[in-house]
Each structure stands twice: as structure tokens, then as C-alpha cells.
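Some notes on the structure that comes next.
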Amino acid sequence: MTSSALTAKTLTPNVEGLIDIILEENPMHKSFMVGALEHVTIEELQTLDKYLDFCGSKGLDLAYMADSYLTIVGDTFREQLYFMKHKEYRYKSYEEVGGHVYHNEDYMNQYMYGLAITSFLWPNHLDMGRFFVETMPRDVGGKYLDIGPGHGYYLMKAMELGKFDEFLGIDISESSIKQTDAILKHFKPDFADRFELRLMDFLDAKELEAGSFNAIVMGEVLEHVEQPDVFLKRIAELAADDAYIYVTTCINAPAIDHIFLWRSTDALEKMIEGTGLKIKAPLRLPYEGKTLEESEAQELSINVAYVLEKA
Ligand SMILES: C[S@@+](CC[C@H](N)C(=O)[O-])C[C@H]1O[C@@H](n2cnc3c(N)ncnc32)[C@H](O)[C@@H]1O
């Protein structure tokens with residue numbers, strides 16, 4: 001059976017080919033994929049198709065992309081088993097994960113390509129992306145900062161949707177910087193002289209001027225750092241008074257490089273509110289089929305996205 005039999009939607013050849021390979025390699029993923037295909041719109045699948053085209057133009061075939069996606073699925077499953085047994089994430093420091101994740105070129109490349117695919121196929125990731133698209137201001141200029149752009153998809157989306165004049169991406173991984181550079185040059189060639197990418201730890205970017213950014217976006221980074229509160233304080237410092245601030249993270253969500261664990265949205269939100277930021281609009285996404293309360297009580301993954309403002 002091919003993936004087109006899993007949905008009434010018409011799949012584009014790239015997406016159909018990708019899903020066929022994923023299910024051939026991991027047939028157990030089929031029921032998850034049926035749900036994923038129900039959630040995603042045809043327009044979003046067309047966007048995924050264009051992303052796969054872009055990857056194809058870099059010599060990355062569908063088998064590589066499927067393998068990248070399955071790397072995340074497999075790693076997450078292993079870390080979930082560890083978390084259920086030990087009630088803790090496996091690693092707690094940057095030192096333990098930096099070498100084999102952020103600075104391991106082959107692994108990091110697959111991780112980021114796979115993560116980009118989850119933005120379309122994992123319902124919670126898709127909902128966070130939709131929340132970004134809905135809330136990002138369309139009429140604000142000035143400076144836009146993306147902390148940890150990774151695959152670069154959201155930075156590219158911001159160029160497409162907004163009116164910002166200058167874009168800065170800061171990432172600790174050279175693989176992420178290269179992927180972001182490639183996706184921006186491919187999809188947004190007109191922006192070539194309006195963006196800059198810096199390979200560094202965000203907390204080391206002391207040269208950035210307080211109050212100078214009109215938008216600060218940090219997707220899926222907070223759970224990767226030892227001191228998320230210091231990251232949030234620095235964001236509050238760098239943001240202009242009326243800046244758009246968008247942050248996503250997760251609760252009870254083990255992954256190979258998640259080192260900071262929140263066990264409830266309350267604990268996370270108290271931390272946010274203690275850093276000079278205020279929650280303007282929250283998006284709290286429980287584990288599939290559970291309420292937020294059940295997810296917390298049963299220690300199941302919750303995804304969260306927030307539009308924040310300066311307190
Ligand atoms: C999970 S990816 C998120 C990618 C993308 N923002 C998203 O939402 O899908 C995390 C990214 O943050 C980067 N990162 C982790 N710690 C960082 C730090 N201290 N400073 C800058 N970037 C960091 C990683 O290299 C990676 O590219």
C-alpha cells in the first residue's frame with residue numbers, strides 16, 4: 001500500500017515518496033502518519049514539497065530525508081523509554097551533548113532536516129508553526145533576531161511574511177548556520193544583503209545592543225540550555241519596548257539533547273514571568289488524546305509556544 005491510500009488528500013510526488021520510504025522502513029509509524037495527514041492542509045503539504053525540492057537540489061534524496069526524519073523518531077522513542085524509567089532527561093549539561101549533537105556534522109544535518117519535516121508532520125509542531133504564522137506582525141520594520149534558527153525554515157518564513165529590514169541568526173552549530181544560509185539563499189535570494197548569521201553561543205553575543213530588536217524568535221532552544229532563565233533575561237534586555245517575542249519549548253519531552261526539564265507549564269511560566277517578560281498569548285498543546293492536566297500527571301510531552309512582551 002502506498003501513502004496515498006492513507007488519506008483522501010492528493011499528495012505531491014515528493015511527499016508521497018517521502019512517506020512511502022518512512023513507512024517501508026518503519027511500518028509501526030503508520031497510524032501516527034494517518035493522524036498527521038488528517039491534520040496537515042494541502043497547502044502545507046505543498047510547502048513541504050517545495051522544501052523537499054530544495055533539499056533535492058542540494059543532492060539530498062528522499063531516502064536521506066526519510067532517514068533524517070526517522071533518526072528523530074528513533075532517538076525520541078529511546079529517550080522516552082529512558083525518561084519513563086528514570087523520570088529525568090538522560091543528559092543535563094551542554095558538555096554532555098555538544099560534541100555528539102551540535103558539533104557532529106553528519107548527525108546535526110540529519111537532525112535539522114528531520115526537525116524541519118516534523119514541522120509539517122507532527123501535529124503539535126505544525127500547530128506551533130501555525131501560531132507563529134498567525135501572530136507574527138506583518139507591518140513592523142527594524143531588526144529581527146532568530147536565536148537557534150537550526151534548519152532556517154522559520155527565519156525564511158519571517159522574510160516571506162513580515163516587513164523587517166534586517167535579520168540576524170545566531171546558532172552554536174556550524175551545521176545549522178550552513179543549513180540556514182542555504183535555505184535563505186535558495187528561497188529568498190533578494191534578501192542576500194539583509195541577513196547575517198553568526199556562529200556562536202547566544203549568551204556570548206555581548207556586542208548586541210539593548211532594546212535594539214523589533215522581533216526576537218527562539219524556537220525549541222530553551223530546553224537545550226543549562227540556564228534558560230538567563231536566555232530569557234537577555235531576550236528581555238535586547239527587545240525594543242513593543243517587540244514581537246516568540247518562544248517555543250516543551251515540558252516532559254525527552255530528546256537526545258534536551259537538558260533542562262520542566263515538569264509543568266506552571267513551573268515554566270513562573271520562570272518566564274520572573275525574567276522581565278510577560279505572557280501575551282500562550283499556546284499549550286497537550287500530548288495527543290490527553291488533556292493538559294492528564295499530560296502533566298502522567299509525565300507525557302507537552303509543547304508550548306508563547307508570544308511574550310516586556311513586563
Ligand atoms: C532544536 S533546534 C531548533 C531549530 C528551530 N529554531 C526550530 O524551532 O525548529 C535548536 C537550535 O538551537 C541551537 N542552539 C542550541 N544552543 C544554543 C546556544 N546556546 N546559542 C545559540 N544556538 C543554540 C542548536 O544548534 C540548534 O540549531
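The values are calculated or read from the model by the stated rules, or taken from the named source; none is laboratory data. Everything numeric here is computed off the predicted structure, so don't read it as measured data. Glycine gets a Cβ as well: all are built from the backbone with ideal geometry, and neighbour counts include every protein chain shown.
Points worth noting:
- Among the residues of segment 244-261, none qualifies, meaning not one is at pLDDT 95 or above and assigned to a helix (DSSP H, G or I).
- Residue match in segment 138-145 (condition: modelled with pLDDT of 95 or more, buried (at least 24 other Cβ atoms within 10 Å of the Cβ) and near the ligand (Cβ under 9 Å from one of its atoms)): no
- Selection within segment 1-33 - loosely packed, with under 14 Cβ neighbours inside 10 Å and either aliphatic (A, V, I, L, M) or under 15 Å from Val73 (Cα atoms) (or both): Met1, Ala5, Ala8, Glu24, Pro27, Met28, Ser31
- Looking across segment 1-18, just one residue is in contact (Cβ under 8 Å) with a residue 24 or more places away in the chain, farther than 14 Å from Asp49 by Cβ and in a helix (DSSP H, G or I), and that is Leu6.
- Considering (1) part of a strand (DSSP E or B); (2) of a type in the set (A, V, I, L, M, F, W, C); (3) more than 27 Å from Gly74 (Cβ to Cβ), the lone condition that Val230 does not fulfil carries the number (1).
- Of all the numbered requirements in (1) over 19 Å from Tyr102 (Cβ atoms); (2) part of a helix (DSSP H, G or I), Ile177 misses one, and that requirement is (1).
- Residues in segment 256-291 that are aliphatic (A, V, I, L, M) and in contact with a strand residue (DSSP E or B) (Cβ under 6 Å, 6 or more places away or on another chain) were compared, and the one that is farthest from Tyr91 (Cα to Cα) is Ala281.
- Residue satisfying condition, being small (Gly, Ala, Ser), in contact with a Leu (Cβ under 6 Å, 6 or more places away or on another chain) and either in the same structural domain as Tyr244 (by TED's automatic domain parsing) or under 27 Å from Lys92 (Cα atoms) (or both), within set Gly162, Gly141, Gly169, Gly211: Gly169
- Selection over segment 178-222 of residues that are of a type in the set (Lys, Arg), closer than 24 Å to Ala305 by Cβ and within 14 Å of the ligand (Cβ to nearest atom) gives a count of 0.
- Cβ-Cβ distances below 7 Å connect the following pairs, each with a first residue in segment 137-148 that is closer than 11 Å to Phe213 by Cβ and among the acidic types (Asp, Glu), a second residue that is within 16 Å of the ligand (Cβ to nearest atom) and assigned to a strand (DSSP E or B), and a separation of six or more residues or different chains: Asp146/Gly169; Asp146/Val217.
- If the condition is being of a type in the set (S, T, N, Q) and within 16 Å of the ligand (Cβ to nearest atom), then segment 52-111 contributes Ser68, Thr71, Thr76, Ser93, Asn104, Asn109, Gln110.
- Residues located in segment 270-285, provided they are under 23 Å from Pro137 (Cα atoms), outside any loop (DSSP other than H, G, I, E, B) and away from the ligand (no atom under 16 Å from the Cβ): Ile272, Glu273, Leu277, Lys278, Ile279, Lys280, Ala281, Pro282, Arg284
- Selection count, segment 112-137, where residues are in the same structural domain as Ala63 (by TED's automatic domain parsing), more than 8 Å from the ligand (Cβ to nearest atom) and over 23 Å from Leu11 (Cβ atoms): 0
- Taking each residue of segment 79-103 that is touching a residue at least 60 places away in the same chain (Cβ under 8 Å) and looking for partners that are more than 12 Å from the ligand (Cβ to nearest atom) and of a type in the set (Phe, Trp, Tyr) with beta-carbon atoms closer than 6 Å, six or more apart or interchain, yields Arg90/Tyr82; Val97/Tyr91.
- A search for C-beta distances below 9 Å between a residue of segment 41-59 that is small (Gly, Ala, Ser) and any residue that is part of a helix (DSSP H, G or I), counting only pairs 6+ apart in sequence or on different chains, returns Gly56/Asn14; Gly56/Leu62; Gly56/Met65; Ser57/His186.
- Test: residue in segment 159-169 that is in contact with a Ser or Thr (Cβ under 8 Å, 6 or more places away or on another chain) and closer than 12 Å to Val217 by Cα: yes
- Tally, over segment 57-70, of residues that are among the polar types (S, T, N, Q) and either touching a Lys or Arg at 6+ places or on another chain (Cβ under 7 Å) or surrounded by fewer than 18 Cβ atoms within 10 Å (Cβ to Cβ) (or both): 1
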